[in-house]
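Before any comments, here is the structure.
Every number here is computed from the coordinates shown, using simple stated rules; none is lab data. Keep in mind that this is a model prediction, so the values were computed, not measured. Glycine also receives a Cβ, built like all others from the backbone with ideal geometry; neighbour counts cover every protein chain displayed.
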Amino acid sequence: MHRQENAARHGEERIMRTRAFRHACALPALATALAATPALAQQGAPPPDGPAPGTPAQAAAGSGNPVIVVTGSLIRGTPEDAALPVEVISQEELLDQGSPTALDLIKNLPGSSGVLGDSNQFDSRSQGGEGIATVNLRGLGPSRTLILLNGKRLANSPIGVPAVDANLLPSAAIGRIEVLKDGAAATYGSDAIGGVVNFITNNQLDGLVLSGDYRFIDVSDGDWTASAAFGHQGDGLRVLASFGYQHRSPLAAVDRDFAVRPYADNPAGGFTQGGNPSAFLPFAFYPGTFVGLTAGFQVDRGCDDLGGVPVHDSAPTDIDSATRCATQYTPFDLLVEREDRWQAYLEAEVELTDTLSVEVSGLLGNTRVSANTSPSYILLNTPTPGLANPIGSQFWVPPNNPGLIAYRAANPDQFPSGANSALLAAGVFRTALLGGNPLFADQNGIDGAAPVTRDSESTRFTATLRGEHSDAFNWQLSGTYHRYTRESTGYDTIIDRVQLALRGLGGEDCDPLTGTPGVGPCMFYNPFSNAIDRHPVTGATNPGYNAAVANDPAVFDYFTKKSSSRIENALKVADFVVSGLTGIALGGGNAIGYAIGAQYRQNDYSARYGIYNNLDVYPCPASLDFGVDTCPRPIGLFGFLGSDQPNASSQDVRALFAELQIPIGERVDIQLAARCEDYGGAVGSTFDPKASARVQVTDWLALRGSYQTTFRAPPSNLLTEGDYVTSLQFVGGSFRAVQVNDNPALTPESAESYGGGVLVDLGRFRASVDYWRYDFADDIAAEPVSGLLNAVFDSTLGSNTPGTAPADCSSPLADRFTFSGGPAGGGCGALAPTLADVTTIDTFYANGAGLRTSGIDFQANYRGDFGARGTWGLGLTGSYVIDYETNDFFIGDELIQPGFSAVGKLNYQTTAYPLPEWKLNGHADIGWGRHNARLTVTHIKGYVDQRQQPGDRGYRIPDFTTLDFTLRLGLPMDTDLTLSVLNLLDKDPGFAALDYNYDPFTANPLGRNFKVGLRKAF
């Protein structure tokens, strides 16, 4: 009843809101009519003191006026300490910090939590995001932070959580970064719920600047960058061109002591109970007499010799009592992937007449990532009964398999009387792990790891025609085209071919219907440890190795195939904005400024897949070798990653917007804005107003505040019926495939947000404190996996739920789980399954029940002088999250995630990101001329893992505090030398019960590292 009442209430609110907004969409047009007449009447009027709304921001800044901020307002000339809480990061400040990478800058940014960028392939919110850096203001998710380049939109990277990739912005051309820590849907439209980060190019550059740096990282080949930027101004022509290249060297997990730990320290630290060596079931196969199991699970005797851990109910035990072998995959993985990236940028502006100019820009960028993953993935689906597997159950190792014969001879006690074969259960077995994959040598310095590639390509063009007629009337017509393409490859195992190879019918030239097992082109695959001589990473040797039954690499080539995808987002935007001064002044202040405009956006999404993971080509496990194209559940060929169907979608958005900036006297400034966006179809339209004000109480004290509504529409690629992405999540001792399905019934999410602040300016000392709050309704999120586990397995432990937990088959959500040996369409069937039997979990994108979050941002700076030319300064910037409260999350009438507080929590497998309570960044510096020395401290308060119990290891994740020192020396001939020591105290990230034993969303794994940079201006 509670859920139905909630749904009814939200539904009524949406209907009333939509009706009201459709009428309100006339407001921007009305504002146009009111504003246009006085604006035209003021043509030729002298500008007021200070930067006028019609003055280009960059020109004002270049003439010595205060920093001019453009983010958050369409009325140009808004200062940093106006009604909007905007933080400006100048190019000079970035140089004093040692020119941090985009990822370093974002991770250290107070107010941004849950950042993608470091290797984090084991969390569903970051899988597939290798090489991408995102901003996540307020921890609300990167999709709720809008990233702009020169005030214009960028296409999202097409990963599981859509977000703009900051790594492919033209870093060498950036002059400053403006961070608006306030919702801005009224100004920019959808996605600007959490705030806006605007990267603004350096259009004041005149000359050539060459720069480069090298970063020394222990047990790594280091990182390096090189860039060139050229600017020209004169004779009515302005040009800015840049090129940047960045290389990041791989860093193996085994090269950091904290990242690879024993099972006793952290059973979730890269261990799986579905590995190789594995556990098997002794089986009797006597057709016409007896076919069936003869005993329970037996653990392969090579388990502990090769570094595995024999366990029973996840607890270590002796091998004879064990039912699983816990094997570790992270020694094959990387903490930092190899990345090679470049960006080329060109911007040109031509003055056509005294009042008319045109500006064009082009951006090309590319990232290539080479990553590692497990030698093979766990097999979560079973082979086709009657074709690949004649006995119709699991993976069958027949009596004639040479590896089985040799293993039985060496370990007869594991095969009770009558057992002449073995079964390998889905979810418990993979083709290679501790012995590595023989197909792959020297993958980023590690033998046996499977390769993964991620290629991102960004192509963006803009064109803007400006009419600068007077302070009273200016206009701008602009267009943007941005295409972001992501190509991904990896390797997975073909289900039926594993079974055929177990039967001796493996091999590209072996006919499974007529071939003779183990004869000619037909090969056997040996799944037992006697095929493995050593662990390629640790060097552990196997005394049970038998060279006579070792696997031929050709058999791995037969059932290991490449999975690939090409996913593309294309964004087209057309804007028309009129702005200026109205000529109306209130209380003797400056004239009222206005901006009015319209926008059209089109988002196009397309996804194509490789031949082996394309459901249009091979819909069933038996499609490749037996020509079967119909099956109860079309899952494709692969056992873990799954397959997809090519799809495409498009979304058209039309918007009207208006803004007024109303000074009242010399001390009060009011800003009003409103925007109407129409998405058409089932998504509908939305109207969002915003009001903000600033009051100068005294010469040194000011107050500001704002109220607004914001929204985010569901992207078109989340609305496609039958489409899904597969994420991999650690559940019950092993990774399981979690299919996150699209939902055509999604509606826009909305939020009310408000805040207020105090600004102090005492000349040398400046400070601000701002309170913020967001109240969400219908938030768009993937259904939480931990909640589904709670509902069906009666547990609140999420991924720590024991694999022995029994399923409640009476739950209506049991059908969301596919079990090994159960119905293909999901559910228990005749089984009494446990969590260990789960192979696939189905989740959907959904509108949640809402959340609220609030906090405080603060910053303070003091600047003093010493000597004739020296200055010194102290600064502190921070963010404190007061609360982040989610409401009860229902699926139908089932409560799957009770409302909880996410502040100070890891929030694994929930609808929230890791959210430390405090994040602080302080610095002290001293400068003279072009020289500067800066000491920076970054502090992230510790938080807790709510899966653990208080007092347990891993319950509290410690604080992460780093100290950085940078010395910048101005050398002759306009050359700057920069020397940095980053993480001066060599602080390791705090322990977390995750795969890499730390939280990659929050900390970094590099340890102490050194950086040297050179910058030369011509």
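Using the beta-carbon distance between N400 and T489 and R0 = 25 Å, what value does 1/(1 + (r/R0)^6) give for FRET efficiency, to the nearest 0.05? Working shown, then result.
On the way: r = 36 Å, r/R0 = 1.44.
It comes to 0.10.
Using alpha carbons only, how many degrees (0 to 90, rounded to 10) separate the axis of helix 2-24 from the longest principal axis of the chain? The angle comes out near 40 degrees. With R₀ set to 60 Å, the beta-carbon distance separating Y707 from I391 gives a calculated FRET efficiency near 0.30. Annotation for the range 489-503 versus the range 549-591: alpha-carbon center distance of 35 Å.
Protection proxy ranking for 134-142, 622-630, using the average of other Cβ atoms within 10 Å per residue and placing the highest first: 134-142, 622-630.
If R0 equals 22 Å, the separation of the Cβ atoms of L477 and N366 corresponds to a calculated FRET efficiency of about 0.15.
Classified by the C-alpha gyration tensor, the range 156-254 has an oblate form. Its axis ratio a/c, with a ≥ b ≥ c, is 1.5 or above, and a/b does not exceed b/c. Shape of the range 366-411 from the C-alpha gyration tensor: oblate (a/c of 1.5 or more and a/b not above b/c, with a ≥ b ≥ c the square roots of its eigenvalues).
Give me the extension gain from E666 to M973: residue separation times 0.36 nm, minus the current Cα-Cα distance, reported in nm with one decimal. Walk me through the numbers before you get to the answer.
Details: separation 307, 0.36 × 307 = 110.52 nm, distance 4.60 nm.
That pair, E666 and M973, stretches by 105.9 nm at full extension.
For the range 573-614, backbone nitrogen atoms closer than 17 Å to the point 7 Å from T355 Cα along Cα-to-C-beta are found at 577-583. Pairs exceeding 28 Å between alpha-carbon atoms, taken from K181/K905; K107/K572; K152/K987; K941/K1016: K107/K572; K152/K987; K941/K1016.
List the trypsin sites (Lys or Arg not before Pro) within the range 850-923 that fall in a DSSP loop (any state other than H, G, I, E or B) and whose Cβ has at most 12 other Cβ atoms within 10 Å.
R869
Database remark: amide H of A163 closer than 5 angstrom to the amide H of S157 (H placed geometrically; neighbours at sequence offset of 5 or more, or on other chains; Pro and chain starts carry no H). In sequence order, the range 654-659 has phi-based couplings of 10, 9, 10, 8, 8, 8 Hz under the Karplus curve 6.51 cos²θ - 1.76 cosθ + 1.60, θ = phi - 60°, and Gly or Pro positions carry x. Distance from the alpha carbon centroid of the range 295-341 to that of the range 186-246 works out to 46 angstrom.
Once you keep just the Cα pairs under 8 angstrom separated by 6 or more residues, what percentage relative contact order results for the range 406-496? Before the final figure, lay out the partial values.
On the way: 90 pairs, mean separation 20.3, N = 91.
That works out to 22 percent.
Taking label points 7 Å from Cα along the Cα-to-Cβ direction, L762 and A824 give a separation of 7.6 nm.
The phi-based Karplus calculation (6.51 cos²θ - 1.76 cosθ + 1.60; θ = phi - 60°) puts the 3J(HN,Hα) values of the range 365-382 at x, 8, 10, 10, 10, 10, 10, 10, 8, 4, x, 7, 9, 4, 8, 9, 10, 9 Hz, whole numbers, x for Gly and Pro.
The candidate values are [x] 173; [y] 163; [z] 442; the one derived from this structure for volume of the Cα convex hull per residue in Å³ carries the label [y].
Inter-label distance, T698 to A226: 5.7 nm, where each label sits 7 Å from its Cα along the C-beta direction. Computed from backbone phi with θ = phi - 60° and the Karplus coefficients 6.51, -1.76 and 1.60, the 3J(HN,Hα) list for the range 874-881 is 10, x, 9, 10, x, 9, 10, 8 Hz; x is used for glycine and proline.
For the range 196-236, what does the alpha-carbon gyration tensor say about shape, rounded, prolate or oblate, given a ≥ b ≥ c as the root eigenvalues, a/c under 1.5 as rounded, and a/b over b/c as prolate? Mind dumping the intermediate values first?
On the way: a/c = 6.62, a/b = 2.04, b/c = 3.24.
Verdict is oblate for the range 196-236.
Sequence-distant contacts, meaning Cα pairs under 8 Å at least 6 residues apart, place the relative contact order of the range 910-1018 at 21 percent. Helix 26-41 axis versus longest C-alpha principal axis of the chain: approximately 30°, rounded to the nearest ten. When only the Cβ of Lys, Arg, Asp and Glu is charged (+1, +1, -1, -1), the dipole of the chain relative to its Cα centre reaches about 780 debye.
Taking label points 7 Å from Cα along the Cα-to-Cβ direction, A832 and V219 give a separation of 4.8 nm.
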